[in-house]
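Throughout, read-outs are computed from the coordinates displayed, never taken from laboratory work. Predicted model only: the values in this text are computed from it and were never measured. Glycine gets a Cβ as well: all are built from the backbone with ideal geometry, and neighbour counts include every protein chain shown.
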Protein chains: 2
Amino acid sequence: MSVTAARGFEASGVAVGLKSTGKRDVAVVVNRGPRSAAAAVFTSNRAKANPIMWSQQVIADGVAAAVVLNSGGANCFTGSFGFQTTHQTAERAAQLLGVSAGDIIVCSTGLIGTGDEVFRAKVLDGVEQGIAQLSPDGGEAASEAIMTTDSRAKRAVRTQDGWTVGGMAKGAGMLAPGLATMLVVITTDADLTAAELDVALRQATRVSFDRLDSDGCMSTNDQVTLLASGASGVRPELAAFTGVVTEVCLDLAEQLQGDAEGASHDIAIEVIGAASESDAVEVGRSVARNNLFKAAIFGNDPNWGRVLAAIGTTAAAFDPYDVDVSFNGVRVCTAGGPDRPREDVDLTPRATRILIDLKSGADAATILTNDLTHDYVHENSAYSS
Amino acid sequence: MSVTAARGFEASGVAVGLKSTGKRDVAVVVNRGPRSAAAAVFTSNRAKANPIMWSQQVIADGVAAAVVLNSGGANCFTGSFGFQTTHQTAERAAQLLGVSAGDIIVCSTGLIGTGDEVFRAKVLDGVEQGIAQLSPDGGEAASEAIMTTDSRAKRAVRTQDGWTVGGMAKGAGMLAPGLATMLVVITTDADLTAAELDVALRQATRVSFDRLDSDGCMSTNDQVTLLASGASGVRPELAAFTGVVTEVCLDLAEQLQGDAEGASHDIAIEVIGAASESDAVEVGRSVARNNLFKAAIFGNDPNWGRVLAAIGTTAAAFDPYDVDVSFNGVRVCTAGGPDRPREDVDLTPRATRILIDLKSGADAATILTNDLTHDYVHENSAYSS
């Protein structure tokens, strides 16, 4: 169900030839109200795609009526022609939906530099077909239409006290934090203001998508959009709502991690004993981005030396000679020296847990990442994306 | 000749069983004077090996009589026993050479966490054998004894106006800047003070080893040591001397790049039009560390979108819509949009040149890196290091 699980939403996913495979490649998600409150977070990459620049303007007033998303081309670095394509996409959708173009969020994903006249014609065709096929059951088709190298669609739904939060996500490579890290649309029939949605979304993404760092590469096109229809008539407490949005975001983030390009291990790096949460995040990210560590996990090697070497490049509070490191529950390093033998560690399961105790405070954070594999190199060298 | 090209130096390389292959694994380089001026730069990793902590004390007074180096074990995170091993290494060498232990630089390389009693006994044996075999022709043997996964020894020599600078280096993985990036010993018979050597070495490493970023991973053990014997009796201008030391460092850095683990391309990322040299370095490093870019080069794909996405993560002054990117002389991106077709680029040669014009100033820098290959993943997943 994903984005159509909450009342007040319709969606669709159509195929217009942007993907050479002939699979669905344009999705539309429409908020039928009664409310049209919205919030969004965007990639912090300074090299931004045209849809990002457009959507940042759209979201400024906290109102959005619909989201149009395409796969099969990023419409990034395609010049003023590409920006006009985004503008025309919003205008065409607005016209057909009877709303203002300034209330249409636009998202694109695919190869950077794609955005010629053929691309534009197909996207506009997709808007028309997509709006014609809108349905309260269209969430599944929409979630398929945003897939790129994803092997499966990502959807999540939570219902509580009469209101629902549902979402869809795409992302398989170029996953690194920076507020948003992929294309995500989340809908809810709870009745909340745009300002409340903004608080909830920022809090939720901060501890979910922002802590997923599959390959250290930050995209130019990523955004997470949250739309609220108010159709449930229920106005939840903001804390409860934030909790549920966070659950949906974490569920989607774990699905993204589990489908990361070429990965053979899903690695959770839990940093405890940190002097601050930001220290814990910095240490976790540094380890998550260390290619030698990531290659060692692929090789089922509990190489704690590479973990300490990665921690040592951070500015976090820690004493290199008072750090413990465990791999899947086996402490192989204590007080900055060898502890239990490496042979005691079983790294064959896909789920991998690294526990780092900095012994410098009471804060903690968990970063999700993947290993560095032959398949990762193959997928990102053999195919342009 | 490497470290014995300059007059006043003797060296040796012996095999004591630290390497399972039976190859040379302990090197000794001795300065016979008349001067014993020295300078060194060290890894900026906060997780430092025992030999780094020792050698930082030794170099503080600008005097060093000898350098003892071992491969086959990093003596890093081996507790107080490991530090005592370093101390005993220096004491044994000092005793045999008739100098102070406080004038013996110690370096180690190999697997972190290696440093038990067997390791200590072998290293001390290596000191004895190495000092017994010291020779004015020992530079070649010494350069072989510091190899780890290196496929060949790295040596460089320059002679000018009656004085010589020679050096040896090891390093094949874990190459990333942070003052020093590998084990390097450089010797000269020029007559300079320790303060002058320090100026020359820092300037030389800043534009050579500091701009080599093979895999973004910073080691715990790296140091570059410069020893001056004064045996030529010539006192060169500091600028001329710095120029020659820089040439030797660049030569060794390019040899390290050319022998990087598993690499199939040697990539020079030249950033021009930068508002400052540090902007140029930041942009070059960001591109050099982008796994998607590195995998694309392995796949002979001139993926300029990944270059722009990497630039966008920096704080450097630039306008994403006014950047030019060329691959091997073919400008595939101009003004932040597509230019010449990707098909015009030939990325099959190992030597690869990326030119990035930020159009924001007059400063420039070149960063050296390698591609991300199946062999890199294999070497770093199948073997512990």
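Using the Cβ atoms and a cut-off under 13 Å, what net charge is assigned to the surroundings of residue A:363, where Lys and Arg are +1 and Asp and Glu are -1? Mind showing how you got there, number by number?
On the way: positive: A:359; negative: A:270, A:277, A:279, A:282, A:357.
For residues surrounding residue A:363, the net value is -4.
Mind listing P(r) for chain A? All alpha-carbon pairs, 10 Å bins, whole percents.
6, 24, 30, 22, 13, 4, 0
Taking the Cα centre of the protein assembly as shown as origin and charging only Cβ (+1 Lys, Arg; -1 Asp, Glu), how large is the dipole, in debye to the nearest 20?
Working: 60 positive and 92 negative charges, 36 e Å.
The calculation lands at about 180 debye.
Going by the alpha-carbon gyration tensor, a ≥ b ≥ c the square roots of its eigenvalues, is region B:118-176 rounded (a/c under 1.5) or, if a/c is not under 1.5, prolate (a/b greater than b/c) versus oblate? List each step's numbers first, then the result.
Working: a/c = 2.90, a/b = 1.28, b/c = 2.26.
In terms of gyration-tensor shape, oblate.
Measuring from label point to label point, each 7 Å out along Cα→Cβ, what is the residue A:159 to residue B:270 span in nm?
6.4
If you plug each phi of region B:336-349 into the Karplus form 6.51 cos²θ - 1.76 cosθ + 1.60 with θ = phi - 60°, what whole-Hz ³J(HN,Hα) values come out, in order, with x for Gly and Pro?
x, x, x, 10, 5, x, 4, 5, 6, 8, 9, 9, 6, x
Given the rule -39500 (n - 2.57) for each run of at least 4 DSSP H residues, summed and divided by the residues of chain A, what is its mean residue ellipticity at 222 nm, to the nearest 500 deg cm²/dmol?
Working: 10 runs with 122 residues, N = 385.
That comes out to -10000 deg cm²/dmol.
What per residue convex hull volume, in Å³, comes out for region B:266-382 when only alpha-carbon positions are used?
Values: hull volume 10.2 nm³, N = 117.
Value for region B:266-382: 87 Å³ per residue.
Below 8 Å between Cα atoms, with a sequence gap of 6+, how large is the relative contact order for chain B in percent?
On the way: 1059 pairs, mean separation 70.3, N = 385.
Result for chain B is 18 percent.
How do A:344, B:371 line up, fewest other C-beta atoms within 10 Å first?
Sorted ascending by nearby Cβ count, the order is A:344, B:371.
Say R0 is 45 Å: what FRET efficiency, to the nearest 0.05, do residue A:195 and residue A:132 get from their beta-carbon distance?
Values: r = 34 Å, r/R0 = 0.76.
That gives a FRET efficiency of 0.85.
Taking amide H positions as placed in the peptide plane 1.01 Å from N, state which residues far from residue B:290 in sequence (5 or more) or on other chains have amide H under 5 Å from it.
Sorted by chain and number, the residues that satisfy this come to none at all.
Given axes a ≥ b ≥ c from the Cα gyration tensor, I'd like to know whether region B:13-92 is rounded (a/c under 1.5), prolate (a/b larger than b/c) or oblate. The partial results should precede the final answer.
Working: a/c = 1.96, a/b = 1.18, b/c = 1.66.
In terms of gyration-tensor shape, oblate.
Over all directions, the average projected area of the alpha-carbon convex hull for region A:71-134 comes to how many nm²? List each step's numbers first, then the result.
On the way: hull surface 15.9 nm².
Its Cα hull, projected and averaged over all orientations, spans 4.0 nm².
Tilt of helix B:238-258 relative to the longest C-alpha principal axis of chain B, in degrees (0 to 90, nearest 10)?
Between the helix axis and the principal axis of chain B, the angle is about 70 degrees.
For peptide A:49-57, how many partner chain Cβ atoms fall within 10 Å of a residue's Cβ, on average? Could the numbers behind the result be given before it?
Details: counts 3, 0, 0, 0, 0, 0, 0, 0, 0.
For this peptide, the per-residue mean of nearby foreign Cβ atoms is 0.
Using +1 on the beta carbon of Lys and Arg, -1 on that of Asp and Glu, and nothing else charged, what's the dipole of region B:240-385 about the Cα centre, debye to 20? Spell out each step's value before the answer.
Working: 10 positive and 23 negative charges, 66 e Å.
I would put it at about 320 debye.
Using a/c under 1.5 as the rounded threshold, could you call the protein assembly as shown rounded, prolate or oblate? The axes a ≥ b ≥ c are square roots of the C-alpha gyration tensor eigenvalues, and prolate needs a/b larger than b/c, oblate otherwise. Before the final figure, lay out the partial values.
Numbers: a/c = 2.76, a/b = 1.93, b/c = 1.43.
Prolate, because a/c is 1.5 or more and a/b exceeds b/c.
Quantify how strongly other chains surround peptide B:331-337 by giving the mean number of their Cβ atoms within 10 Å of each of its Cβ atoms. Kindly include the intermediate steps, with their values, before the conclusion.
Numbers: counts 0, 1, 3, 0, 2, 6, 9.
Mean shielding count: 3.
In terms of Cα to Cα distance under 27 Å, which lysines are near enough to residue B:23, apart from those fewer than 8 places away along the same chain?
Straight-distance partners of residue B:23: B:48, B:122, B:154, B:170.
Given a Förster distance of 41 Å, report the FRET efficiency between residue A:238 and residue A:375 from their Cβ-Cβ distance, rounded to the nearest 0.05. Present the calculation step by step, with values, prior to reporting the outcome.
Numbers: r = 42 Å, r/R0 = 1.03.
With a Förster radius of 41 Å, E is 0.45.
Using only the Cα atoms of region B:171-310, what semi-axes does the equivalent ellipsoid have when each is the square root of 5 times a gyration tensor eigenvalue? Give whole Å, largest first. Working shown, then result.
Numbers: eigenvalues 208, 52, 27 Å².
Output for region B:171-310: semi-axes of 32, 16, 12 Å.
How high is the relative contact order of region B:266-382? Use alpha-carbon pairs under 8 Å, at least six apart in sequence, and give a whole percent.
Working: 245 pairs, mean separation 51.8, N = 117.
Here the relative contact order equals 44 percent.
Quick one: if the Förster radius is 60 Å, what FRET efficiency do residue A:278 and residue A:125 give, using the C-beta to C-beta distance and rounding to 0.05? Provide the component values of the computation, followed by the final result.
Working: r = 46 Å, r/R0 = 0.77.
The calculated FRET efficiency here is 0.85.
Once all Cα-Cα distances of region B:111-260 are split into 5 Å bins that start at 0, what whole-number percent is in each one?
With 5 Å bins starting at 0, P(r) equals 2, 9, 18, 20, 18, 15, 11, 4, 1, 0.
Please report the net charge: other residues with Cβ closer than 10 Å to the Cβ of residue A:228, K and R +1, D and E -1. Intermediate values should be presented prior to the final figure.
Details: positive: A:35; negative: A:189, A:191, A:196.
Around residue A:228, the surrounding residues sum to -2.
Pop a pseudo-label 7 angstrom from the Cα along the beta-carbon direction at both residue B:362 and residue A:151 and give the gap in nm to one decimal.
5.5
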